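We did not get these values from a lab; they are worked out from the coordinates using the rules stated. Just so it is clear, the model here is predicted, and its values are computed rather than measured. Please note: Cβ atoms are built from the backbone with ideal geometry, for glycine as well, and neighbour counts cover all protein chains shown.
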Amino acid sequence: MPALVAFHRALYLDEPARFLSQELVEHYAYRDMDELVAHDIHGLLVDGVSTVLIAELEGVPAGYIIGHVEDDPRRVLPRVGLVTDWLIVERERHRGIGRQLMESLTSVFVRLGCDAVESRTYAANRGALRAHAALGFCEVEIRMRRSCARPLPTDARACR
């Protein structure tokens, strides 16, 4: 469980700071990271809905992936496996660990009758975008966000 806590903190605290401006980090920041992590980990261990996979190299945690199934019978592809968290330790990237984790979680989704797999990442995380594309993911939706405290910008270069 210590690895799960460390990965979760890294994904929600350290990773966004690597590629987002301070202003954009604020849009993803949580007031109390310790409370968030404790709540999320408790939910993952208790809910029985999510699948959590942790990769190790020589007994040392190298990455993790978490996902669950969502059903929407209104859709043509009604049962989707949603990857909610996916992180590989930086020094272990580009070694196939992320692919192995994604393949393993996809196998779980297939066994659960899923029609598709969906994953989300930060728009500015070019490495994650390349990793997703290499695994056959296509952009389907882009989520936009702006502060209500700021007036509407007068030029198109406002989001930097």
Total charge dipole magnitude, the chain, about the Cα centre, Cβ charges on Lys, Arg, Asp, Glu only, Debye to nearest 20: 640 debye
Which label in (i) 41, 16, 13; (ii) 33, 16, 14; (iii) 27, 21, 17 gives the computed semi-axes √(5λ) of the Cα gyration tensor in Å: (iii)
Sparsely packed trypsin sites (Lys or Arg not before Pro) within segment 71-123, loop by DSSP, other Cβ within 10 Å at most 16: Arg74, Arg75, Arg93, Arg95, Arg120
Local net charge near Val52, Cβ-Cβ under 14 Å (Lys/Arg +1, Asp/Glu -1): -4
Length gained when the stretch Ala149-Leu112 is fully extended (0.36 nm per residue, less Cα-Cα span): 9.0 nm
Projected label distance in nm at Thr84 and Ala3, using a 7 Å step from Cα toward the beta-carbon: 2.0 nm
Residue order, fewest to most surrounding Cβ atoms within 10 angstrom, among Met102, Met1: Met1, Met102
Cleavage-rule hits (GluC sites (Glu not before Pro)) in segment 78-160: DSSP loop, at most 13 neighbouring Cβ within 10 angstrom: Glu139, Glu141
Surrounding net charge for Ala10, when Lys and Arg each add one and Asp and Glu each subtract one, Cβ distance under 11 Å: -2
Counted charge near Ala131, where neighbours are those whose Cβ lies closer than 9 Å (Asp, Glu -1; Lys, Arg +1): +3
The chain, relative contact order [Cα under 8 Å, separation at least 6], %: 18 percent
Residues Arg130 and His27, FRET efficiency given R0 of 25 Å [Cβ-Cβ distance, rounded to 0.05]: 0.60
